[in-house]
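The next block holds one structure in the form of C-alpha cells; read it before the comments.
The values are calculated or read from the model by the stated rules, or taken from the named source; none is laboratory data. Everything quoted here is computed from the prediction, not taken from an experiment. Don't worry about glycine lacking a Cβ; one is built from the backbone with ideal geometry, like all the others, and counts go over all protein chains shown.
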Amino acid sequence: MLEQIARVLFWLCIGEIASRSGLLPLPAPVTGLMLLYAELAIRGKIPEDLGVLADRILQFLGMLFVPAGVGVIAYLDLLKLEFVPILAAVIGGTAITIFITAVVANRFAAATSKADTDVAPEVEEAAGDVKS
Amino acid sequence: MSSLSQHLPHLANLTWATLADKPILETGATVFAFLAAVRLSRVFGNHPLLNPTLLAILFIAIGIEATGVRYETYLRGSDPVHFMLGPAVVLLAVPLFRQTATIRASGRLIAIGLLVGLPVGVLSAVGIAWLLGASPQTILSLAPKSVTAGIAVGVSEQIGGLQNLTIVLVIMTGIAGAVLGPIVTRLARVNDPRVVGLSMGIASHGIGTARALQINEVAGAFASLGMGLNGVLTAMLLPLVLKLFF
C-alpha cells in the first residue's frame with residue numbers, strides 16, 4: 001500500500017515541478033492525474049492496492065472540498081455588493097450548462113446508438129445530425 | 001550537562017506538548033461534520049439537495065459562528081484535509097483507466113459535450129451577470145467559473161478578473177453543480193451515466209465529479225474527463241477568444 005501512496009505522490013510531485021517551473025500551465029493534481037493515467041495505460045493494468053486506495057479515498061472526495069467551501073462562507077461578505085447577479089450567474093449558469101450539455105449529448109448518444117444497431121457506421125454521423 | 005538541558009526543549013517540540021498548535025481539532029471537526037452530513041443525507045434517501053459537502057460546510061460554519069473561532073484559524077487548521085485533495089485528484093486516473101473502453105467508444109459524445117458545455121458554461125454565467133448589472137471585473141472573474149480552481153485562477157488573471165473572487169465563484173459553482181446536477185439531469189430525462197457525468201464534470205469540475213462518483217463509476221470517470229478536458233481547453237481558448245473579440 002505504501003508503494004501506491006508513493007506512486008501517487010511521485011506523479012503529484014512531478015506535476016508540481018512541471019507547474020512551478022512553468023513547463024505546464026496546469027495545476028499539479030491535473031498533471032499528476034494525466035501522468036498516472038499514462039503509466040497505467042503503459043502497464044495495461046492497475047496494481048491491486050492502487051485500485052483499493054483509489055476506491056477508498058475517492059469515496060469521500062466530497063469531504064476534501066469542505067475547507068474550501070468554508071473559505072467561501074468566510075468571504076461571502078465581499079460578495080454582498082453584487083450578491084444577486086453573482087448568485088444568479090453561478091446557480092442559474094451552472095443549471096443551464098448542465099441542462100443544455102446533457103440534453104444535446106443525450107440526443108447524440110441516443111441517435112448514434114440507434115445508428116449503431118440499425119444502419120452501417122458510415123451513416124452514423126448523418127443520423128446524428130438528423131436526430132439532433 | 002548544560003548542553004543536555006539546552007537540547008531538551010527541542011525534544012518538547014516533537015512530543016504531545018505542542019499538540020495545541022496542531023490542526024487536530026479542525027481536521028477532526030471536518031471529518032465529523034462530513035460524517036454527520038453523510039448520515040443525515042442517508043436518512044433522507046440521499047436527496048440531492050442534502051449534498052454532504054454542502055451540509056458539512058454549513059455545519060462547520062454554524063460551529064465557527066457559535067464558538068467564535070476565527071475563520072482563518074479553521075482554514076489553517078483544516079489544511080491536512082485540503083492537502084489530501086491533490087493526491088485524490090491524481091487517483092481519479094484509476095476510475096478513468098477502468099473505463100477506458102467506454103471512453104474510447106464515446107469519443108464523439110465527449111467532443112459534443114465539450115463543444116456545447118464549454119461555451120454555454122462561460123456565456124450563461126457572463127450573460128446572466130451582465131443582464132443583472134454586475135461590474136466588468138466581476139463578469140471577467142465569473143468567466144472561468146466552471147473549471148477546476150487551479151486553472152480558473154490562471155485564466156482569471158490573464159483576462160483581467162480578480163483571482164480571489166474567481167476562487168470563491170469556482171467553489172460556489174462546484175457546489176451548485178453537485179447539488180443541481182442530479183436534479184437537472186432528471187428533469188431533462190437523461191439517464192445515460194456517461195452524459196450525466198460528463199455534463200457535471202464540464203459544468204462543475206471536481207466537486208461535481210465527487211458527486212458523479214456517487215452515482216456510479218461510469219459517471220465518475222466521464223466527470224473526471226469532462227473536468228480535465230474542459231480545464232485544459234478553457235485555459236487555451238478563453239484568453240485567446242477574449243483577445244480576438246475585445
Take the residues of region B:102-120 that are in contact (Cβ under 8 Å) with a residue 12 or more places away in the chain and not aliphatic (A, V, I, L, M): which is surrounded by the most Cβ atoms within 10 Å (Cβ to Cβ)?
B:113
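Can you tell which of B:226, B:231 is in contact (Cβ under 8 Å) with a residue 40 or more places away in the chain, surrounded by 24 or more Cβ atoms within 10 Å (Cβ to Cβ) and either over 24 Å from residue B:86 (Cβ atoms) or facing another protein chain (nearest Cβ under 7 Å) (or both)? Steps first, answer last, please.
Working: B:226 fails: either over 24 Å from residue B:86 (Cβ atoms) or facing another protein chain (nearest Cβ under 7 Å) (or both).
Exactly one residue qualifies, and that residue is B:231.
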Exactly one condition in (1) more than 24 Å from residue B:150 (Cα to Cα); (2) in a helix (DSSP H, G or I); (3) more than 7 Å from chain B (Cβ to nearest Cβ) is not met by residue A:102; state its number.
(3)
Hits in region A:15-37 - residues which are aliphatic (A, V, I, L, M), at the interface with chain B (Cβ under 7 Å from one of its Cβ atoms) and part of a loop (DSSP other than H, G, I, E, B):
A:26
Select from region B:121-149 the residues that are in contact (Cβ under 8 Å) with a residue 60 or more places away in the chain and facing chain A (nearest Cβ under 7 Å) and write down the one among them that is farthest from residue B:229 (Cα to Cα).
B:121
Is it the case that some residue within region B:85-101 is more than 10 Å from chain A (Cβ to nearest Cβ) and without any contact (Cβ under 8 Å) to a residue 12 or more places away in the chain?
yes
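Suppose we filter B:165, B:213 for residues that are in a helix (DSSP H, G or I) and at the interface with chain A (Cβ under 7 Å from one of its Cβ atoms); which single one remains? Spell out how you get there, then give the answer.
Working: B:165 fails: at the interface with chain A (Cβ under 7 Å from one of its Cβ atoms).
Every option except B:213 fails the conditions.
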Mind checking which residues of region B:37-66 are in contact (Cβ under 8 Å) with a residue 60 or more places away in the chain and either in a helix (DSSP H, G or I) or not assigned by TED's automatic domain parsing to the domain that holds residue B:77 (or both)?
B:48, B:49, B:53, B:54, B:57
Which one of these is buried (at least 19 other Cβ atoms within 10 Å of the Cβ) and in contact with a Phe, Trp or Tyr (Cβ under 6 Å, 6 or more places away or on another chain): B:143, B:129, B:56?
B:56
If you scan region B:163-190, which residues turn out to be at pLDDT 95 or above and over 15 Å from the mean Cα position of the chain (by Cα)?
B:182, B:183, B:184, B:185, B:186, B:187, B:188, B:189, B:190
